[in-house]
1. How many residues are among the small types (Gly, Ala, Ser) and buried (at least 24 other Cβ atoms within 10 Å of the Cβ) if we restrict to segment 310-320?
2. Spot the failing condition for THR307; the list is (1) at pLDDT below 90; (2) surrounded by fewer than 24 Cβ atoms within 10 Å (Cβ to Cβ); (3) among the polar types (S, T, N, Q), and only one is missed.
3. Using beta carbons and a limit of 7 Å, which pairs, at least six apart or on different chains, have the first residue in segment 409-420 and more than 17 Å from GLU132 (Cα to Cα) and the second one polar (S, T, N, Q)?
4. Just checking, does segment 431-440 include any residue being of a type in the set (Gly, Ala, Ser), touching a Ser or Thr at 6+ places or on another chain (Cβ under 7 Å) and either open to solvent by 40 Å² or more (accessible area, probe 1.4 Å) or outside any helix (DSSP H, G or I) (or both)?
5. Quick check on my filter: what residues within segment 441-460 are in a helix (DSSP H, G or I) and aromatic (Phe, Trp, Tyr)?
6. Across segment 163-216, which residue is most open to solvent (accessible area, probe 1.4 Å) among those that are under 28 Å from ALA345 (Cβ atoms) and outside any helix (DSSP H, G or I)?
7. Quick one: which of GLY414, GLY450, GLY469, GLY410 is over 15 Å from the mean Cα position of the chain (by Cα) and over 21 Å from PRO371 (Cα atoms)?
Amino acid sequence: MATMDDSSGTEATMDHEKTSTEVREHFPPHYSMPRDNMKTEANIMPDASEETHDLDIEKAAQDEKPKPPGGFDSSSFPDGGWEAWLAVSGAFCCLFSSFGWINAIGVFQTYYETGPLSQYSPSTISWIPAFEVFMMFLGGPIWGKLYDNYGPRYLLAVGSFLHVFGLMMASLSTKYYQFLLSQGVCSPIGASLIFYPAMSSTGTWFFKKRAFAFGVMTAGSSLGGVIFPIMIERLIAERGFPWAMRAAAFLILGLLIYANFTVKSRLPPTPKPWSLMDFVTPFMELPYFLTVFAAFLFFFGMFLPFTFIILSAQYNGMSANLSGYLLAILNATSIFGRTLPGWIADKMGRFNTMVVTSFLSTILVLALWLPAKGNVPYILFAAFFGFSSGAFVSLAPALIVQISDVRQIGIRTGSMFAAISVAALCGNPIGGALVSHADGNYLHLQIFCGVVMFAGSCVFVAARYSLEGLDLRKKV
């Protein structure tokens, strides 16, 4: 029996091998027959323990929190503390001295047209404040790259000297080219070297409260825009233009001494070789390109009221004494415009808030400034426009930081402001030429201002769409 069983088993084995050989002949030579322990049609269902393990992996992947832009954990940002707010206070002084001074350009346009440069046309004179804003923003990519490589210290020191020196030289100027070089070139280059390190350093300390921190910082520029116009106008009347400029320079010097000791970055500088692609690459990102293009168009018109509101008010019947306060009113309300929208932006989304405030500014220009004929409409426009336009100054850099690696915010915010500088350079002379062409009427200037701001507002909508679509419920 045992022998018969063995022979039967041997025959069965031989038959199995023969069948396997016949089956294998029907497949390509490289084909590997499945083994018994491999999954075939007979055992295709997964093991219960394997399925549970896969579910655990999937759940862990779902529970993983997305990293913020740049790959940084938001918990690494202090979002407050002694050092952070001390840096913000120093940045506040920097913005007071740089952008706050730029906000007072309307006073100088008025003074030059009626004083030492009265023989020149408004369009020619407007090149001085235009160059002031242009040089303030033009060096952004270069200063941003230097900031990324070496930190804020040296930039602040050099900028403090150039800004104060330029204003002192302006106090001695009597010719057009002297005003242009001192006030239109030297001083704003120094202001630019102050502005960018202060702004970039603040961004390294905050993540969740970033827009609010930027709002507090940029409120310094609004306060400077309130104080400088009144201060300069009164001192020119009482002490003359030279001492008015010197007094402003000494005030700025004191604030910048404090800023040089308090403004610092949380992150150590990371020197990298210079490359042209560092300046070009950001523009290949659609959200960044659209955000910068929107800021360019919006800024083309935004600074025109700052430059021409006093003159247009006087043209429409407001007294010279009362119109002198319009710029101060505009900058006073922008203090709230640069802080409150920043706080709201942290809650509701920065792009969402920018879209709302930019369209509001456009409506104010076309619906209030354009038909304004008396004192009350001009005062109301100055107050409301100061608030709505103030949001742009605080939110624009916050938008760039939101879509950027924090280690590159210097060059990326600088590139945005460099693009804005072209709009600033062209906007005022175009506005002045429109006034001259209309024999002193400001209607064409106001229409131009409203149209380009409307175009910029629409592109902000496109930038938001490129990030999250048209779902208005999303915080963007």
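The values are calculated or read from the model by the stated rules, or taken from the named source; none is laboratory data. Computed from a prediction, not measured in an experiment: that's the story for all the values here. Reconstructed Cβ throughout: ideal geometry from the backbone, glycine too, with neighbour counts over all protein chains shown. The protein model used for the area step is the full one, side chains on, heavy atoms only, and it has no ligands, DNA or RNA in it. Shrake-Rupley method; radii C 1.70, N 1.55, O 1.52, S 1.80 Å.
1. Filtering segment 310-320 for residues among the small types (Gly, Ala, Ser) gives 312-313, 317, 319-320.
From the residues that got through so far, the ones that are buried (at least 24 other Cβ atoms within 10 Å of the Cβ) too are 312-313.
Total meeting the criteria: 2.
2. (2)
3. The qualifying pairs are ILE409/SER200; GLY410/SER200; ARG412/SER404; THR413/SER200.
4. So far as segment 431-440 goes, yes, one or more of its residues are of a type in the set (Gly, Ala, Ser), touching a Ser or Thr at 6+ places or on another chain (Cβ under 7 Å) and either open to solvent by 40 Å² or more (accessible area, probe 1.4 Å) or outside any helix (DSSP H, G or I) (or both).
5. Let us first name the residues in segment 441-460 that are in a helix (DSSP H, G or I), namely 443-460.
Listed by number, the residues that qualify are PHE448, PHE454, PHE460.
6. So, considering only residues that are under 28 Å from ALA345 (Cβ atoms) and outside any helix (DSSP H, G or I), the one most open to solvent (accessible area, probe 1.4 Å) is LYS208.
7. Details: GLY414 fails: over 15 Å from the mean Cα position of the chain (by Cα); GLY450 fails: over 21 Å from PRO371 (Cα atoms); GLY410 fails: over 15 Å from the mean Cα position of the chain (by Cα).
The match here is GLY469.
Residue by residue, here is whether (1) within 22 Å of LYS347 (Cα to Cα); (2) in contact with a Ser or Thr (Cβ under 7 Å, 6 or more places away or on another chain); (3) charged (D, E, K, R) holds:
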{"site": "GLY410", "(1), (2), (3)": "no, yes, no"}
{"site": "CYS426", "(1), (2), (3)": "no, no, no"}
{"site": "PHE448", "(1), (2), (3)": "no, no, no"}
{"site": "MET453", "(1), (2), (3)": "no, yes, no"}
{"site": "CYS458", "(1), (2), (3)": "no, no, no"}
{"site": "TYR465", "(1), (2), (3)": "yes, no, no"}
